[in-house]
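Right, one structure below, let's go through it.
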Amino acid sequence: MLKRSFFGMAKPRFEYESIDSPLSPEKIPLPRKATIYFKRPYDRRDTLLLKIGDAVKTGQKLLIYEDSDVYAISPVTGTVAGIAPFIGDFGESYTALTIDVSETDTFDEEFGGSFEEPNFETALNYLKTLPGNPPLSDFADPDIHLNTVVVTALDKDLLTLTNQHMAAANVDLLTRGVSMLKRITGVHKVVVAIPQKLIRRAGAIGGASGVELRPIGTDYPSALPAFILKEVLGQVIPAGKTNLDMGVSLFGAEALTNLTQAFEEKQIPVTKRLTVIRKDLSKVLVEARIGTPVKEIFTALNVTLQDMDRLVIGGPMTGNAVYSDEHPVTPDMDVLMVQDSKDVSLVSDYPCINCGDCNRVCPADIAVNMLVRFCEAREYEAAADEYDLHSCIECGLCTFVCPAKIPIFQYIRLAKHELARSAMEVELAGPETEEAEEGELAAKEPIETAEAEEAKEETAQTSEE
Ligand code: SF4
Ligand code: SF4
């Protein structure tokens, strides 16, 4: 994975692994309990539409609050065993629904009976939480104007083979999926970004549907959005903007495969493929029902978890540690990693030693050693205005190389989250509050300036004396 240069001052190189044929996934048995999350904070029980003991079927669309259209798809057949709050990254609140799983599946038929031909409305109503997380809501957002879809057959993080496998194993489905996606979204430019090794195998996609196949490099971080747009479309995303601002939607190969399969088979797929990275860094691709507690995956793979081992969801460079092995498989979980407690590299509160490694490795050419100081001090606006916070493409390379073990990437993510949260609060409060805030600031400024002037005068007098 890591190719460190003989000459210490050169950038270390990290490479994605690439495959030229499908893998053979391990099938994880049905769990006894499955948990799914609704993207809605837990609310008072009297507004709930589901209650303990309710029966649910596989593929059934579940709404949980009377006043919300947020839905999830039941990945199993069984009965509701619990409804509880769940707090995710950055304190985000969800509602968690746990289901006691029956041994055999009974498939719900509502989705299959709801359409004649594939169409976008049905996709939006039933398929937003498919394994692979298709970004369907972006196509329905009136503030987003999409003109291109890039289907990516390379996973964002290192050591992850989920989307490559899905592209290699489902060339025919992807071929039909590209045509279907064009039809239902009305976006006519669809490009498939694929590693060189897979191009020959995937040639049928290009040949049959007229879609363009474009090779994608295997140097990390080629599969992050900023690099995909640059390498595949020749577009540079300005700082603070996203692929959506450029009119480009990024669809994983797994998401498109499942979307196509759902419409063709009139049944909602509920099985997630994910790469599991074991303690010795060996990898295995597994197929598990959405909602399966990750500890059941480790049991099936004979991986023993010990105290202080670390579970990471989302890959070695950009993933997040989770505190419980009860954490369920979610639609966007492409990779699950376990690190042995003795290999866990702990963060520290040592100060920066100004070695410059983070600056050298940063693909966005940010003065990371300065940026992290401002993020650590919670000076988020200065970090954004003066030290390029919004140019960061979130690759995690700086944290990986930092000899002082400063969690740079985590500080950066927190800073971006806090700035986005404040901007959202101002927006929700409406224009009156914005004006009031501006007014308050304007009213404060002369006082602050007067105070500052006073302070300056005092300092000047003191020096004269
Ligand atoms: S995560 Fe670090 S190395 Fe990567 S772009 Fe951001 S600042 Fe640069
Ligand atoms: S890599 Fe770590 S120690 Fe070195 S300059 Fe960057 S923040 Fe400081």
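The values are calculated or read from the model by the stated rules, or taken from the named source; none is laboratory data. Everything numeric here is computed off the predicted structure, so don't read it as measured data. Using ideal geometry, Cβ is built from the backbone for each residue, glycine included, and neighbour counts are taken over all protein chains shown.
For the range 95-117, enumerate the residues that are in a loop (DSSP other than H, G, I, E, B) and buried (at least 19 other Cβ atoms within 10 Å of the Cβ).
Keep residues of the range 95-117 that are in a loop (DSSP other than H, G, I, E, B), which gives 102-106, 108-117.
Residues satisfying the conditions are Asp108, Phe111.
Within the range 300-329, restricting attention to residues that are closer than 26 Å to Val401 by Cβ and either of a type in the set (A, V, I, L, M) or touching a Pro at 6+ places or on another chain (Cβ under 6 Å) (or both), which residue is surrounded by the fewest Cβ atoms within 10 Å (Cβ to Cβ)?
Met308
Any chance you could count how many residues in the range 391-410 are at negative phi and surrounded by fewer than 22 Cβ atoms within 10 Å (Cβ to Cβ)?
8
Let me confirm something: among Asp349, Asp340, Asp332, Asp388, which residue is surrounded by fewer than 22 Cβ atoms within 10 Å (Cβ to Cβ), under 23 Å from the mean Cα position of the chain (by Cα) and within 27 Å of Met308 (Cβ to Cβ)? Break it down stepwise before answering.
Working: Asp349 fails: under 23 Å from the mean Cα position of the chain (by Cα); Asp340 fails: under 23 Å from the mean Cα position of the chain (by Cα); Asp388 fails: within 27 Å of Met308 (Cβ to Cβ).
Matching residue, one of Asp349, Asp340, Asp332, Asp388: Asp332.
Take Ser18 and decide whether it is modelled with pLDDT under 95, assigned to a loop (DSSP other than H, G, I, E, B), under 25 Å from the mean Cα position of the chain (by Cα) and under 30 Å from Arg360 (Cα atoms). Break it down into steps so the answer makes sense when it comes.
Numbers: modelled with pLDDT under 95: yes; assigned to a loop (DSSP other than H, G, I, E, B): yes; under 25 Å from the mean Cα position of the chain (by Cα): yes; under 30 Å from Arg360 (Cα atoms): yes.
Answer is yes for this residue.
Give me a count of the residues in the range 301-316 that are assigned to a loop (DSSP other than H, G, I, E, B) and out of contact with any Leu (no Cβ under 6 Å at 6 or more places or on another chain). So that I can check it myself, show each step before the final result.
Of all residues in the range 301-316, those assigned to a loop (DSSP other than H, G, I, E, B) come to 301-309, 314-316.
Still in the list and also out of contact with any Leu (no Cβ under 6 Å at 6 or more places or on another chain): 301-309, 314-315.
The number of residues fulfilling the criteria is 11.
Name every residue in the range 384-413 that is away from ligand 1 (no atom under 11 Å from the Cβ) and either at pLDDT 95 or above or in a helix (DSSP H, G or I) (or both), in order of residue number.
Once the filter is applied, which keeps residues that are away from ligand 1 (no atom under 11 Å from the Cβ) and either at pLDDT 95 or above or in a helix (DSSP H, G or I) (or both), the range 384-413 yields Ala384, Asp385, Glu386.
Looking at the structure I just gave you, is Leu371 under 13 Å from Glu418 (Cβ atoms), surrounded by 19 or more Cβ atoms within 10 Å (Cβ to Cβ), near ligand 1 (Cβ under 10 Å from one of its atoms) and of a type outside the set (Asp, Glu)?
On the way: under 13 Å from Glu418 (Cβ atoms): no; surrounded by 19 or more Cβ atoms within 10 Å (Cβ to Cβ): yes; near ligand 1 (Cβ under 10 Å from one of its atoms): yes; of a type outside the set (Asp, Glu): yes.
It is false that Leu371 is under 13 Å from Glu418 (Cβ atoms), surrounded by 19 or more Cβ atoms within 10 Å (Cβ to Cβ), near ligand 1 (Cβ under 10 Å from one of its atoms) and of a type outside the set (Asp, Glu).
Of everything in the range 321-363 that's among the charged types (D, E, K, R) and not in a loop (DSSP other than H, G, I, E, B), which residue is farthest from ligand 2 (Cβ to nearest atom)?
Let us first name the residues in the range 321-363 that are among the charged types (D, E, K, R), namely 325-326, 332, 334, 340, 342-343, 349, 357, 360.
After this cut, where a residue has to be not in a loop (DSSP other than H, G, I, E, B) as well, the list is 342-343, 357, 360.
Working: Lys342: 23, Asp343: 20, Asp357: 4, Arg360: 9 Å.
It comes out as Lys342.
Identify, from the list Ile228, Ile268, Ile184, the residue that is assigned to a helix (DSSP H, G or I) and more than 26 Å from Pro12 (Cβ to Cβ).
Values: Ile228 fails: more than 26 Å from Pro12 (Cβ to Cβ); Ile268 fails: assigned to a helix (DSSP H, G or I).
Step by step, each of Ile228, Ile268, Ile184 is checked, and only Ile184 is assigned to a helix (DSSP H, G or I) and more than 26 Å from Pro12 (Cβ to Cβ).
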